[in-house]
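Working notes for the structure below.
The values are calculated or read from the model by the stated rules, or taken from the named source; none is laboratory data. None of these values were measured; they are calculated from a predicted model. Note that we place each Cβ from the backbone using ideal geometry, even for glycine, and neighbour counts take in every protein chain shown. For the accessible areas, the whole protein counts, side chains as well, though only heavy atoms, and no ligand, DNA or RNA atoms are used. Shrake-Rupley method; radii C 1.70, N 1.55, O 1.52, S 1.80 Å.
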Amino acid sequence: TYQYEVSINGGPGNIKGEVTTQPLWQYRKPPPDFSFIAGSCTYFNEPVYDRPGKPYGGDSSIFETMAKENSDFMLWLGDNWYTREVDYFSEWGLHYRAAHFKRQPVLRPLFKKMAHYAIWDDHDYGWNNSDKSYPLKATSREVFMKNWSNPSYGENGEGIYTKFTWNDVDVFLLDDRWFRTNDDMPDSIGGKPTEKKMYGDKQMEWLKNALLQSNYNRNVSYRLIVTGSQVLNPLSPFDKFSAFKTEYNDFMNFITASKINGVVFLSGDRHHSEIIKVEREGSYPLFDVTSSPLTSGISRSAEIEKNNPYLVGQQVNVQNYTRFSFSGPIENRKMTVEFLGIKGEKLGEWSVLLKAVSVAK
């Protein structure tokens, strides 16, 4: 455990705290029980730049509740701030929007309380539904790197994907924007498949190798694949990995053929929270846990999907964040997911044992 003090311009900053590193448990004892929190879609109102009408940003006291959590880290699932028309056409605007987010007083206790990791989605990368053609993508990456202390940021100056390990859980942070083909690109033209891809060849090659390396490590239980867009939901009317059929099918075939164990997807974006389950022939089912929104507007499409046959439990259609908890010995490890409201009230709960998302030996 380390104590720290922040100085500002060489003088005292009156900001003190402490940070504790992870324990060395491997080959010595069972993995520690731990938890992290997650969420997506954060909008802080700024009337001079916001669209007219009802403010889009909701009750930011949810961050005060989150700061009281005894969790090890926070995982920001994209749309962590929302660029406006005055932002996404200029380098200055992109830097300004991130700074406006970071200087909100309500966030300070949360940033101080625990470690933070992040991905991006369209609104903190560029404009709505932005793709690989966004002209200021290099500036967006620079802004991201200055505001989030991930272990790394893509490869060779492209993208922001990376991976980290917390105790017995490997977390793969994907970039669903930098290499992304436009959503309206057809899957095929004249009977021939197009190059429609969400993650791109370079990132997908990295992910496959990283998963194989992780699968070899017997000290790893769950493998959480984190991305801004939903992965599995067949009924979503909006962007989803399953709409990029060639790349999606190739990846699903890979994790099945390679017998990658403990895979669970985490996503944001949808402005409601839910858990989607998709069965696989010859292997364990896949789950996609979607956590949204923290403070932005509530989904307008939730009613369409409320009877989704792939839905596990009920949708959460209010502001919320998610707590992920891991407990038990590694051979009987359990992941518990809780959706929590503005005051920390429980809105839903689900759990899955590691053996339920592992290939039978």
**Message:** Out of the total accessible area of the chain (probe 1.4 Å, heavy atoms of protein only), what percent is carbon and sulfur?
**Reply:** 51 percent
**Prompt:** Hey, what number do you get for the chain at 222 nm if only DSSP H runs of n ≥ 4 count, each worth -39500 (n - 2.57), divided across all residues, to the nearest 500?
**Reply:** -5500 deg cm²/dmol
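Using a/c under 1.5 as the rounded threshold, could you call the chain rounded, prolate or oblate? The axes a ≥ b ≥ c are square roots of the C-alpha gyration tensor eigenvalues, and prolate needs a/b larger than b/c, oblate otherwise.
Details: a/c = 1.39, a/b = 1.08, b/c = 1.28.
The shape class here is rounded.
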**Request:** Would you please give the residues with an amide H less than 5 Å from that of Lys163, counting only those at least 5 places away or on a separate chain, with H modeled from the backbone geometry?
**Result:** Ser152, Leu173
**Message:** As I understand it, the dipole of the stretch 238-361 uses +1 on the Cβ of Lys and Arg and -1 on the Cβ of Asp and Glu, about the Cα centre. Which of His272, Ser258, Ala243 lies farthest toward its positive end?
**Reply:** Ser258
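With +1 on each Lys and Arg Cβ and -1 on each Asp and Glu Cβ, and nothing else charged, work out how big the dipole of the chain is about its Cα centre, in Debye to the nearest 20.
Values: 42 positive and 44 negative charges, 166 e Å.
Dipole about the Cα centre, nearest 20: 800 debye.
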**For the stretch 328-341, Karplus couplings with θ = phi - 60° (6.51, -1.76, 1.60), whole Hz, Gly/Pro x** = x, x, 5, 6, 9, 5, 10, 10, 10, 10, 10, 8, 10, x
**Request:** Give the shape of the stretch 221-275 as rounded, prolate or oblate, defined through the alpha-carbon gyration tensor: a ≥ b ≥ c are the square roots of its eigenvalues, a/c under 1.5 means rounded, and otherwise the shape is prolate if a/b is larger than b/c and oblate if not.
**Result:** oblate
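Ranked highest first by the average count of other Cβ atoms within 10 Å around their residues, in what order do 232-243, 101-112 fall? Write out the running numbers ahead of the final one.
On the way: 232-243: 18.7, 101-112: 14.3.
Packing proxy ranking, top to bottom: 232-243, 101-112.
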**Message:** To the nearest 20 Debye, how big is the dipole of the stretch 137-205 about its Cα centre, given +1 on the beta carbon of each Lys and Arg and -1 on that of each Asp and Glu?
**Reply:** 220 debye
**Asked** Considering amide H positions built from the backbone, and no H for Pro or chain starts, which residues 5 or more places from Val263, or on another chain, come under 5 Å of its amide H?
**Response** Arg223
**Asked** Listed highest first by mean packing, meaning other Cβ atoms within 10 Å per residue, what order do 170-183, 215-228 come in?
**Response** 170-183, 215-228
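Determine the per residue accessible area of the chain with all protein chains present and a 1.4 angstrom probe, expressed in square angstrom.
Values: 16590 Å² over 361 residues.
That works out to 46 Å² per residue.
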**Request:** Quick one: which residues, 5 or more positions from Gly348 or on another chain, have an amide H under 5 Å from its amide H? H modelled 1.01 Å from N in the peptide plane, none for Pro or chain starts.
**Result:** Phe339
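Please report, in debye to the nearest 20, how large the charge dipole of the stretch 41-125 is about its Cα centre when each Lys and Arg carries +1 at its beta carbon and each Asp and Glu carries -1 there. Intermediate values should be presented prior to the final figure.
Details: 10 positive and 13 negative charges, 77 e Å.
Computed charge dipole of the stretch 41-125: roughly 380 debye.
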**Cα-based shape type of the stretch 218-361, given that a ≥ b ≥ c are square roots of the gyration tensor eigenvalues and the cut on a/c is 1.5** = oblate
